[in-house]
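Undergrad: Have a look at this one before I ask anything.
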Amino acid sequence: MNKSIDVELCGKLADSYGGSVTLDISQDGLSVRELFAAVSSAYPLLAPVLAGGRIRACVNEVIVPDDAMIHHGDAAALFPPVSGG
Amino acid sequence: MNTHVEVKQTAFDPSACLAEFVGRIGDEGAVVSFTGRARGHAKDGALIEALVLESYRGVTLASMRQIAADAHAKFPITASHVIHRTGRIAPEEAIVFVATASPHRRAAFEAADYLMDRLKTEAVFWKREEHASGSTWIEPTDADRSDAMRWSNSLS
């Protein structure tokens, strides 16, 4: 059975669809790499920037590599390059 | 490590921050502080109505704490104070306050400079300037990056 997950969009990533998007994910979860593909497919205005190699995934307040897994209930977010303070 | 690191959602008074900092240190001979304020004009001269800083949960605070910890590891300072605003900031309001203390001035000056260079490039914030014709996302400038690079040769 699929479950959904909200992915927060930080900084300029929120310009197209607002501050978060919702995805259906399988019971087994998905990798960060798969998350990027799923977001790009469901929210195509984000596809070019996600393909640019500068976006990082954050899961439960930790910036994670592309092979990290995301499960239902995790706090997932996508970070563009930071502006600094 | 005697440090206080905080993200504030509302306006703060740098003078009160400095008084608080001085109140929790000992008899160190040097205290250096820096206040960064929101500018009223963009680089192209356009009037800025507000600067908006976004942070992300505990990640932003953790990035600031790491920078403060690095400053304590790198310089012989005894205490530090790092306050950063988030949210909508009007021109002339304080964005950031940094203070350092040490027995002698050089370390306090250098640590404050280092803290600001790292905060300006690495702290987890996203900021945009709001002006009459819309808003513009801001990224660190080349000057910000080269300022931060000054310290990298001697980073452990």
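The values are calculated or read from the model by the stated rules, or taken from the named source; none is laboratory data. Owing to the predicted nature of the structure, the values given are computational and were not obtained by experimental measurement. Note that each Cβ is placed from the backbone with ideal geometry, even for glycine, and that neighbours are counted across all protein chains shown. Ligands, DNA and RNA are stripped out before the accessible areas are found, and what is left, the full protein with its side chains, is counted by its heavy atoms. Shrake-Rupley method; radii C 1.70, N 1.55, O 1.52, S 1.80 Å.
Undergrad: List every residue pair whose Cβ atoms lie under 8 Å apart, where the two residues are 6 or more positions apart in sequence or sit on different chains, the first residue falls within segment B:122-133 and is closer than 20 Å to B:GLN9 by Cα and small (Gly, Ala, Ser), and the second residue, located anywhere, is at pLDDT 95 or above and not in a loop (DSSP other than H, G, I, E, B).
TA: That search, which allows pairs on different chains as well, returns B:ALA123/B:THR60; B:ALA123/B:SER63; B:ALA123/B:MET64; B:ALA123/B:ILE67; B:ALA123/B:HIS84.
Undergrad: Has segment B:109-116 got any residue that is in contact with a helix residue (DSSP H, G or I) (Cβ under 9 Å, 6 or more places away or on another chain), open to solvent by less than 30 Å² (accessible area, probe 1.4 Å), assigned to a helix (DSSP H, G or I) and at pLDDT below 95? Break it down into steps so the answer makes sense when it comes.
TA: Going residue by residue through segment B:109-116, those that are in contact with a helix residue (DSSP H, G or I) (Cβ under 9 Å, 6 or more places away or on another chain) are B:110-116.
Going one step further and asking which of them are open to solvent by less than 30 Å² (accessible area, probe 1.4 Å), we end up with B:111-112, B:114-116.
Among the residues that remain, those that are also assigned to a helix (DSSP H, G or I) are: B:111-112, B:114-116.
Next cut, at pLDDT below 95 only: none.
No: segment B:109-116 contains no residue that is in contact with a helix residue (DSSP H, G or I) (Cβ under 9 Å, 6 or more places away or on another chain), open to solvent by less than 30 Å² (accessible area, probe 1.4 Å), assigned to a helix (DSSP H, G or I) and at pLDDT below 95.
Undergrad: Okay, next question. Has segment B:138-151 got any residue that is more than 11 Å from chain A (Cβ to nearest Cβ), surrounded by 15 or more Cβ atoms within 10 Å (Cβ to Cβ), in contact with an Asp or Glu (Cβ under 7 Å, 6 or more places away or on another chain) and not hydrophobic (A, V, I, L, M, F, W, C)?
TA: Of the residues in segment B:138-151, the ones more than 11 Å from chain A (Cβ to nearest Cβ) are B:142-143, B:146, B:149-151.
The next check asks that each one be surrounded by 15 or more Cβ atoms within 10 Å (Cβ to Cβ); those that pass are B:151.
When the remaining residues are screened for being in contact with an Asp or Glu (Cβ under 7 Å, 6 or more places away or on another chain), the result is B:151.
When the remaining residues are screened for being not hydrophobic (A, V, I, L, M, F, W, C), the result is none.
There is no residue in segment B:138-151 that is more than 11 Å from chain A (Cβ to nearest Cβ), surrounded by 15 or more Cβ atoms within 10 Å (Cβ to Cβ), in contact with an Asp or Glu (Cβ under 7 Å, 6 or more places away or on another chain) and not hydrophobic (A, V, I, L, M, F, W, C).
Undergrad: Considering only residues that are open to solvent by 50 Å² or more (accessible area, probe 1.4 Å) and at the interface with another protein chain (Cβ under 10 Å from one of its Cβ atoms), look in segment B:34-61 and name the one that is farthest from A:LEU13 (Cα to Cα).
TA: B:ARG57
Undergrad: Looking at B:THR136 and the list (1) within 27 Å of A:VAL64 (Cβ to Cβ); (2) at pLDDT below 95; (3) among the β-branched types (Val, Ile, Thr), which single condition is not satisfied?
TA: Exception for B:THR136: condition (1).
Undergrad: If you don't mind, another one. Taking interchain pairs and intrachain pairs at least six residues apart, which have beta carbon atoms under 6 angstrom, with the first residue in segment A:48-72 and more than 14 Å from chain B (Cβ to nearest Cβ) and the second part of a loop (DSSP other than H, G, I, E, B) and open to solvent by less than 80 Å² (accessible area, probe 1.4 Å)?
TA: Within 6 Å, the pairs are A:MET69/A:GLY29; A:ILE70/A:GLY29; A:HIS71/A:GLY29.
Undergrad: Shifting gears a bit: Out of contact with any Cys (no Cβ under 6 Å at 6 or more places or on another chain), open to solvent by less than 50 Å² (accessible area, probe 1.4 Å) and either part of a strand (DSSP E or B) or within 9 Å of chain A (Cβ to nearest Cβ) (or both) - does that describe any residue in segment B:62-75? First the steps, then the outcome.
TA: Quick first cut of segment B:62-75, residues out of contact with any Cys (no Cβ under 6 Å at 6 or more places or on another chain) only: B:62-75.
From the residues that got through so far, the ones that are open to solvent by less than 50 Å² (accessible area, probe 1.4 Å) too are B:63-64, B:67-72, B:75.
When the remaining residues are screened for being either part of a strand (DSSP E or B) or within 9 Å of chain A (Cβ to nearest Cβ) (or both), the result is B:63-64.
Yes; the residues of segment B:62-75 include at least one that is out of contact with any Cys (no Cβ under 6 Å at 6 or more places or on another chain), open to solvent by less than 50 Å² (accessible area, probe 1.4 Å) and either part of a strand (DSSP E or B) or within 9 Å of chain A (Cβ to nearest Cβ) (or both).
Undergrad: Go through (1) away from chain B (no Cβ under 14 Å); (2) under 30 Å from B:GLN9 (Cβ atoms) and name the single condition A:PRO81 misses.
TA: (1)
Undergrad: Now, a different point. Which pairs turn up if I take residues in segment B:81-98 that are at positive phi and look for partners that are of a type outside the set (D, E, K, R) with beta carbon separation below 6 Å, at least 6 apart in sequence or on another chain?
TA: If the second residue must be of a type outside the set (D, E, K, R), the pairs left are B:GLY87/B:GLN9.
Undergrad: Tell me which residues, restricted to segment B:125-150, are more than 20 Å from B:ARG39 (Cα to Cα) and either under 16 Å from the mean Cα position of the chain (by Cα) or in a helix (DSSP H, G or I) (or both).
TA: Kept after step one, since they are more than 20 Å from B:ARG39 (Cα to Cα), are these residues of segment B:125-150: B:146, B:148-150.
Selection gives B:SER146, B:ALA148, B:MET149.
Undergrad: Check whether at least one residue in segment A:11-23 is within 14 Å of chain B (Cβ to nearest Cβ), within 11 Å of the chain's Cα centre (by Cα), within 26 Å of B:SER135 (Cα to Cα) and touching a residue at least 24 places away in the same chain (Cβ under 8 Å), and report yes or no. Spell out the reasoning first.
TA: Here is the first cut: in segment A:11-23, the residues within 14 Å of chain B (Cβ to nearest Cβ) are A:11-16, A:18-20.
With within 11 Å of the chain's Cα centre (by Cα) added as a condition, the list becomes A:13, A:20.
When the remaining residues are screened for being within 26 Å of B:SER135 (Cα to Cα), the result is A:13, A:20.
With touching a residue at least 24 places away in the same chain (Cβ under 8 Å) added as a condition, the list becomes A:13.
Yes, segment A:11-23 contains at least one residue that is within 14 Å of chain B (Cβ to nearest Cβ), within 11 Å of the chain's Cα centre (by Cα), within 26 Å of B:SER135 (Cα to Cα) and touching a residue at least 24 places away in the same chain (Cβ under 8 Å).
Undergrad: Checking the conditions here, which among B:THR100, B:THR86 is within 14 Å of chain A (Cβ to nearest Cβ), open to solvent by less than 20 Å² (accessible area, probe 1.4 Å) and at pLDDT 95 or above?
TA: One residue alone meets the criteria, B:THR86.
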